[in-house]
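Here's the structure, in structure tokens; my notes come after.
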Amino acid sequence: MKRNVVGASRLRGTIQLPPDKSISHRAALFAAISEGQSVIENYSQAADPQSTLACLRQLGVSVRKEGTTVTIDGAGRDGFQEPSEPLDCGNSGTTMRLLAGILTGAGVSSTMIGDASLSGRTMKRILDPLTAMGGVIRGREQNFAPLEIGKGEIRGFRYELPIASAQLKSAVLLAGLFSEEPVEVIETVPSRDHTERLLRLPVSHNGNRTILRSDRSIDLPVQSYPVPGDFSAAAFWLVAGAIHPDAEIVLPDVGLNPTRTAALNVLQEMGADIEIEPSVSDGPEPMGTITVRSSKLRAIKLDPQWVPNAIDELPILMVAMSFANGRSEITAAEELRHKETDRLSAMGRVLSVAGEEFSLRSDGILIQGRGTHHVRPGVYDSEHDHRIAMSAAILGLVADGPSSVDRAEASDISYPSFWEDLEQLSRTE
Ligand code: S3P
């Protein structure tokens, strides 16, 4: 579907963000392996977290939806039924990698499939450790979905993460929940900590090493809390507000987990006019209200340590960088090439359409920012990637005329009401 975007003369309003995608997946998966009943409020209606619910149902888990409240009766660690059909993870890497950790740990014979994009993303990173710890899991041509899971026995395991990836960390820890002996994951570059936080896993520190542990003796808590608004969705409006010459946007109830909000620090360092008001959260994740106003941005060299924390926000931060005065730089971000699309190349095509000056590197990008300016209108293509669709839309919002985004429905993967929210913000009356 094609969506038209017209350059807006001003941006004003309050946006109720979609529920966090990463937390929704985890709330449902962890509820399913707990012993009690979980009532998850504000569960994401987006396609990816809905894929997780569909897979859980196929595994015999009772999942009831009433509006955005999802009630799950925990099946316990060993309560899944073997599914009669392949488990379809759709476009969702988080569903595939986290659920593969659980099913391999539990030894549930099953097949996991995904759409064309997911079937082209390497699963080697999870297959190697899951096999080394005693699990039985195989991929097509070694490394790709469909994944075939069989019965194994998880042994004690110590694993230093070779890539800063929360999906990889989670897959190993979740398989570890089925081991009689301790499974330890060592992290040197922090990535989002929702898994260890929501499961209350033991965490210790040794210098710059974080050691996370899981094993069968750990009690799995029920997951009854409201899911906060998605910071990764907020990032689109933070950048829109900062680069637009006449903007004030308020974002209530947004998740403020510090392992997710590096983009906030980056934008503030660039000089963005952002106010943060923490609120009292009913759940395990910090929340608050963020307000952003029109800003003059300075260029920035992104500290590579921040990359895993801002990985999903890098496409929209590239848009902010083209509005900064001077040359910005992102390095150590090769992981962007392994997302729903190769996001470095895809953003290169988006920035070219907008007439921005940049040069791509194998692991990042240099952007010659032009300060506050109007972008030339253009015809963009999401390439079926939600974050590319939304980044292109924000460029359209600050353009001198009408632009369009092809395959715009990609935004449904994480943010189904994105286009309505965009329209609401640009309304002038
Ligand atoms: C996610 C982790 C990140 C992120 C993805 C969601 C998660 O992937 O890009 O959108 O929920 O754990 P990696 O951990 O592979 O970097």
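Please treat every number below as a calculation from the coordinates, not as lab data. Keep in mind that this is a model prediction, so the values were computed, not measured. Cβ placement follows ideal geometry from the backbone for every residue including glycine, while neighbour counts extend to all protein chains displayed.
Only aspartates and glutamates eight or more places from Lys151 in sequence, or on another chain, were considered; those with a Cα closer than 14 Å are Asp78, Glu82. Net charge near Val136, counting Lys/Arg +1 and Asp/Glu -1 over other residues with Cβ under 11 Å of its Cβ? After counting each charged neighbour, the total is 0. The Rg/Rh ratio for segment 204-332 is 1.05, where Rg is the radius of gyration of the alpha carbons and Rh is the Kirkwood radius. Residues Tyr415, Tyr225, arranged from fewest to most other Cβ atoms within 10 angstrom of their Cβ, appear as Tyr225, Tyr415.
Only the Cβ atoms of Lys and Arg (+1) and of Asp and Glu (-1) were treated as charged; on that basis the dipole of segment 117-203 about its Cα centre amounts to roughly 280 debye. Using the Cβ-Cβ distance between His373 and Asp246 with R0 set to 22 Å, the FRET efficiency from 1/(1 + (r/R0)^6) comes to roughly 0.90. Distance from the Cα centroid of segment 322-339 to that of segment 73-102 is 34 Å (rounded to whole angstrom).
So for the chain, Kirkwood radius off the Cα pairs, Stokes-Einstein at 10 °C and 1.306 mPa s: how many µm² s⁻¹?
73 µm²/s
Placing pseudo-labels 7 Å out from each Cα toward the beta carbon at Ser84 and Lys124 gives an inter-label distance of 3.8 nm.
Among DSSP beta bridges lying fully in the chain, give the percent that are antiparallel, nearest 5.
75 percent
For segment 260-302, a crude dipole built from +1 on the beta carbon of Lys and Arg and -1 on the beta carbon of Asp and Glu, taken about the Cα centre, is about 360 debye to the nearest 20. For the chain, the residue among Gly288, His244, Gly105 whose Cα projects farthest onto the positive side of the dipole built from Cβ charges is His244. Every Cα-Cα pair of segment 230-288 was included, and the share exceeding 12 Å stands at 66 percent. How much net charge surrounds Ala272 when only the other residues with a Cβ under 14 Å from the Cβ of Ala272 are counted, with Lys and Arg +1 and Asp and Glu -1? After counting each charged neighbour, the total is -2.
Taking a straight line from the alpha carbon of Lys2, these lysines sit under 29 Å away, with near neighbours fewer than eight places off in the same chain left out: Lys21, Lys339. With no solvent and one point on each alpha carbon, what is the Debye value of log10 I(q)/I(0) for segment 1-40 at q = 0.14, 0.29, 0.30 Å⁻¹? So the normalised log intensities are -0.60, -1.01, -1.03. Eigenvalues of the Cα gyration tensor times 5, then square-rooted: what semi-axes does that give for segment 126-272, in whole angstrom, largest first? Values for segment 126-272, descending: 35, 18, 15 Å.
Coupling constants for segment 349-364 follow from the phi torsions by the Karplus curve (6.51 cos²θ - 1.76 cosθ + 1.60, θ = phi - 60°), and in residue order they are 5, 5, 5, 5, 4, 7, x, 7, 9, 7, 9, 7, 10, 5, 10, x Hz; glycine and proline get x. The fewest-to-most ranking of Lys296, Lys2 by surrounding Cβ atoms within 10 Å reads Lys2, Lys296. Within segment 282-429, the proportion of C-alpha pairs whose separation exceeds 23 Å stands at 37%. Please work out the FRET efficiency for the pair Gln142 and Ala332, using the Cβ-Cβ distance as r and a Förster radius of 30 Å; give the result to the nearest 0.05. E between Gln142 and Ala332, to the nearest 0.05, is 0.65. Think of each Lys and Arg Cβ as +1 and each Asp and Glu Cβ as -1; about the Cα centre, that makes the dipole of the chain roughly 680 debye.
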